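The values are calculated or read from the model by the stated rules, or taken from the named source; none is laboratory data. Given the structure is predicted, the values throughout are model-derived calculations rather than measurements. A quick note on method: Cβ atoms are made from the backbone with ideal geometry, for glycine too, and the neighbour counts reach across all protein chains shown. The protein model used for the area step is the full one, side chains on, heavy atoms only, and it has no ligands, DNA or RNA in it. Shrake-Rupley method; radii C 1.70, N 1.55, O 1.52, S 1.80 Å.
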Amino acid sequence: MKDGTHEKHMAEKKMSEMKMHKPEIKPTWADPHPNKPLVYVAGNGSDEIIEINTEKWEITRRFKSGKAPYNLEVSHDGKLLVASYKGEGATGIFDLESGKEIAKVDNSRKVTHGVAISSDNRFAFL
């Protein structure tokens, strides 16, 4: 057809047949370790915290987290990581040596934004 309707129809058909790529991890935040060549990434879609070695640019560990980790911060001494769980209104605290979540605290608000750890590592503000 001269008016381009056939081409338009074929393009629309092709688009509807294509599977849309939906990323599994959906990284939302990253924070570097203060003393080691590591960065930690919140895997919002995969419910995990991902540790990446920045010298090799390889994933070194994956920590199972609460639902939809969003923001995170590593303590200034490099011992702990605090992550907000946007999908469940909670906060997780990880021991970075073991990679285990050592505490989960319900938040006073359903959705939190940001994590900041005090310079003495005593408090985390969300």
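Within segment 19-28, none of the residues are crowded, with 19+ Cβ neighbours inside 10 Å and touching a residue at least 24 places away in the same chain (Cβ under 8 Å). Looking only at segment 87-117, how many residues end up being open to solvent by less than 70 Å² (accessible area, probe 1.4 Å) and free of Cβ contacts under 8 Å to residues at least 60 places away in the same chain? Residues flagged as open to solvent by less than 70 Å² (accessible area, probe 1.4 Å) and free of Cβ contacts under 8 Å to residues at least 60 places away in the same chain within segment 87-117 amount to 18. I'm trying to understand the selection: among the residues of segment 70-84, which are assigned to a loop (DSSP other than H, G, I, E, B) and either open to solvent by less than 40 Å² (accessible area, probe 1.4 Å) or out of contact with any strand residue (DSSP E or B) (no Cβ under 9 Å at 6 or more places or on another chain) (or both)? Hits for segment 70-84 are 75, 77, 78. Of the residues that make up segment 94-116, is at least one within 12 Å of the chain's Cα centre (by Cα), in a strand (DSSP E or B) and modelled with pLDDT of 95 or more? Looking for residues that are within 12 Å of the chain's Cα centre (by Cα), in a strand (DSSP E or B) and modelled with pLDDT of 95 or more, one finds none in segment 94-116, hence no.
A count restricted to segment 38-67 and to residues that are over 14 Å from residue 115 (Cβ atoms) and touching a Gly at 6+ places or on another chain (Cβ under 6 Å) stands at 4.
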